[in-house]
1. Let me check the size of region 27-144 from its C-alpha atoms; what are the radius of gyration and Dmax in Å?
2. Can you give the three extents of the C-alpha atoms in region 80-143 along their principal axes, from longest to shortest, in whole Å?
3. Give me the percent of Cα-Cα pairs in region 7-94 that sit more than 16 Å apart, rounded to a whole number.
4. Please find, in a Gaussian network model of the chain (springs between Cα atoms separated by less than 10 Å), the residue of R88, R59, R107 whose mean-square fluctuation is greatest.
5. Please report the net charge: other residues with Cβ closer than 12 Å to the Cβ of A111, K and R +1, D and E -1.
6. Which of I114, I130 has the fewest other C-beta atoms within 10 Å, and how do the rest follow up to the most?
7. Sequence gap at least 6, Cα distance under 8 Å: using those rules, report the relative contact order of region 4-45 to the nearest whole percent.
8. Where both partners of a DSSP beta bridge lie in the chain, what percent of those bridges are antiparallel, to the nearest 5?
Amino acid sequence: MSSVERFVFDTSTLVGAALRPQSVPREAFRVALSRGLLCACAETLAELEEVLAREKLARYQTPEYRAGFVRDYRSVVREFPVLEAEERELVSPCRDPKDNKFLALARRCRASLIVSSDMDLLILHPWQGIPILTPAQFLAPSPV
């Protein structure tokens, strides 16, 4: 494994970080940035952009603010190529097939852990030796 910690954040956690600047997900995001490398793939980036562009989120943050979060996120992540076949061939895939992209990304980038707010991912903890933690667990002095 690489000496640099590599983190995969799922979309639900990133949305929480984007919409609530004083939240636990935002703090987990900040800590991960300071400790290592945030990893993404084209599919996870596209999902984040699509979700944060939804009109119903305007009551939390302006469209400009949300678009700025996506731009800033893109500027700090390292993108890894993940093939659709890699998602289909996962051993112990997620019960929600839409979340398999995070597992395939974690495997591809040799993630230290996945930070998630999604029970479909959290129930897999640990997945193939990769811890899957909530933002609060990630921030705890001794992560689970």
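Each reported figure results from applying straightforward, stated rules to the coordinates on display, with no laboratory input. Small disclaimer: the values here were computed from a predicted structure and weren't measured. FYI the Cβ positions are ideal-geometry reconstructions off the backbone, even for glycines, and counts take in every protein chain you see.
1. That works out to 14.6, 40 Å for Rg and Dmax.
2. Taking the Cα atoms of region 80-143, the three principal extents are 37, 22, 16 Å.
3. In whole percent, the share of Cα-Cα pairs in region 7-94 beyond 16 Å is 55.
4. Top of the fluctuation ranking is R59.
5. +3
6. Working: I114 28, I130 18.
Going from least to most buried by this count: I130, I114.
7. 51 percent
8. Of those bridges, close to 10 percent are antiparallel.
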